[in-house]
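The structure appears right after this line, and notes come after that.
Bear in mind that the values in this text are calculations on the coordinates, not laboratory data. Owing to the predicted nature of the structure, the values given are computational and were not obtained by experimental measurement. Because the Cβ atoms are built from the backbone with ideal geometry, glycine has one as well, and the counts that use them run over all protein chains shown.
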Amino acid sequence: MKAAPFDYVRVDSIAGCVRALQEADGDGKIIAGGQSLAPVLAMRLARPSLLVDINRIPGIAAIEHRDDELRMGALVRHADLLEQQHSPLLAAAARWIGHPAIRSRGTLGGSIAHSDPSAEWPVVAAALEARLTVHGPSGSREAAAGDFFLGPLEPDLQTDEVLVRVDMPIPEAWGFAELSRRHGDFGLVMAVTAQVHGTWRVAIGGIAGVPLRVPEAEALLNDTTSPENVRAAAQAAAAAVSPGDDLHASSRYRSAMVEEYAHRSITQALTQATARPVGVS
Ligand SMILES: Cc1cc2nc3c(=O)[nH]c(=O)nc-3n(C[C@H](O)[C@H](O)[C@H](O)COP(=O)(O)OP(=O)(O)OC[C@H]3O[C@@H](n4cnc5c(N)ncnc54)[C@H](O)[C@@H]3O)c2cc1C
């Protein structure tokens, strides 16, 4: 199948992007890397009358390292995140995204705006409590990742808004574990554990419409990281989710895998935390 006809405009500013989207009156779509949008268009799951290409907007493709956080433009490619060395968690997660061709075109902003629950960036953003900067007709607003993913493929974005920046802290220790049928496939289960400013966070992806934080697991780890609590935290992660059956896996299998992959990500993070010399954060 081929995409339905559409008009195309390439904009060179955020304001120009918002203006073009407004003029399309709800029927325009931003195109960034095109790695999710192009298949959607080809299958005619969406028929926008206008594509607004943001690839030439200056200033939104850079990674800025500030103290203990990264400020990343929406056009930062998955490959850039794989190569950067400031946040090893982001590099580890990027390695799981598709294949080199997809990683060289696909963007951080596009993945977060697409809000696929089986994609890596949404669950990482949830775990790190990423802050998202969104521009629209009435100016700029900041959104917390925890509020941004409303449902599968349903971001908190109006049709005339553009995501321009994603800020994420660099965790002191982290673990990322993913189960997928083949390397490069979307995740059946993803688990992220991160210690940020001394506090443990655990998020699970791939098993619900949005990434899930697991406060019960976090409370256990923040109390003490004894082996008993680590096991109990992984069990709490499995207990907190209720995955359904689908073509790829049964609910029972997914629940068991949530416990296993949560355990792996927690253990990986703790190995780093204990290897760190005292006084070094
Ligand atoms: C074969 C294949 C395998 C893949 N495997 C994986 C995988 O394992 N893991 C994974 O996470 N992803 C995977 N992807 C998807 C890929 O990561 C995409 O790059 C990503 O989901 C979307 O980013 P994009 O820049 O390509 O966005 P686009 O496809 O250009 O856009 C996606 C959606 O986001 C909107 N959008 C884009 N940018 C913005 C913005 N700045 N502001 C507001 N809205 C915006 C668009 O309008 C569109 O609705 C795969 C893709 C393919 C084709």
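A count restricted to segment 91-115 and to residues that are within 23 Å of ARG254 (Cα to Cα) and either more than 8 Å from the ligand (Cβ to nearest atom) or in contact with a helix residue (DSSP H, G or I) (Cβ under 7 Å, 6 or more places away or on another chain) (or both) stands at 7. Whether any residue in segment 73-94 is without any contact (Cβ under 8 Å) to a residue 40 or more places away in the chain, of a type outside the set (Lys, Arg) and in contact with a His (Cβ under 6 Å, 6 or more places away or on another chain) is what I want to check. Yes - at least one qualifying residue is present in segment 73-94. Quickly run through segment 219-232 and pick out the residues that are crowded, with 20+ Cβ neighbours inside 10 Å and within 23 Å of ALA144 (Cβ to Cβ). Once the filter is applied, which keeps residues that are crowded, with 20+ Cβ neighbours inside 10 Å and within 23 Å of ALA144 (Cβ to Cβ), segment 219-232 yields only LEU221.
The set of residues in segment 145-169 being aliphatic (A, V, I, L, M) and either part of a loop (DSSP other than H, G, I, E, B) or under 15 Å from TRP121 (Cβ atoms) (or both) consists of ALA145, LEU153, LEU157, LEU163, VAL166, MET168. Kindly indicate whether ALA113 is without any contact (Cβ under 8 Å) to a residue 24 or more places away in the chain, closer than 23 Å to ASP53 by Cα and either outside any loop (DSSP other than H, G, I, E, B) or polar (S, T, N, Q) (or both). Against the criterion (without any contact (Cβ under 8 Å) to a residue 24 or more places away in the chain, closer than 23 Å to ASP53 by Cα and either outside any loop (DSSP other than H, G, I, E, B) or polar (S, T, N, Q) (or both)), ALA113 does not qualify. Please identify the pairs in which a residue from segment 38-50 that is over 15 Å from HIS114 (Cβ atoms) has its Cβ atom under 6 Å from the Cβ atom of a residue that is within 11 Å of the ligand (Cβ to nearest atom), counting only partners at least 6 apart or on another chain. That search, which allows pairs on different chains as well, returns LEU50/GLY28. Can you confirm whether segment 37-57 contains a residue that is within 26 Å of ASP160 (Cα to Cα), part of a helix (DSSP H, G or I) and within 11 Å of the chain's Cα centre (by Cα)? Checked against the condition, which is being within 26 Å of ASP160 (Cα to Cα), part of a helix (DSSP H, G or I) and within 11 Å of the chain's Cα centre (by Cα), segment 37-57 yields no hits at all.
Scanning segment 59-90 for residues being more than 19 Å from ARG131 (Cα to Cα) and within 14 Å of the ligand (Cβ to nearest atom) gives a total of 3. Suppose the filter is among the basic types (Lys, Arg) and either more than 19 Å from PRO122 (Cβ to Cβ) or touching a Phe, Trp or Tyr at 6+ places or on another chain (Cβ under 6 Å) (or both); does ARG77 pass it? Considered against the rule, which asks whether it is among the basic types (Lys, Arg) and either more than 19 Å from PRO122 (Cβ to Cβ) or touching a Phe, Trp or Tyr at 6+ places or on another chain (Cβ under 6 Å) (or both), ARG77 comes out as no.
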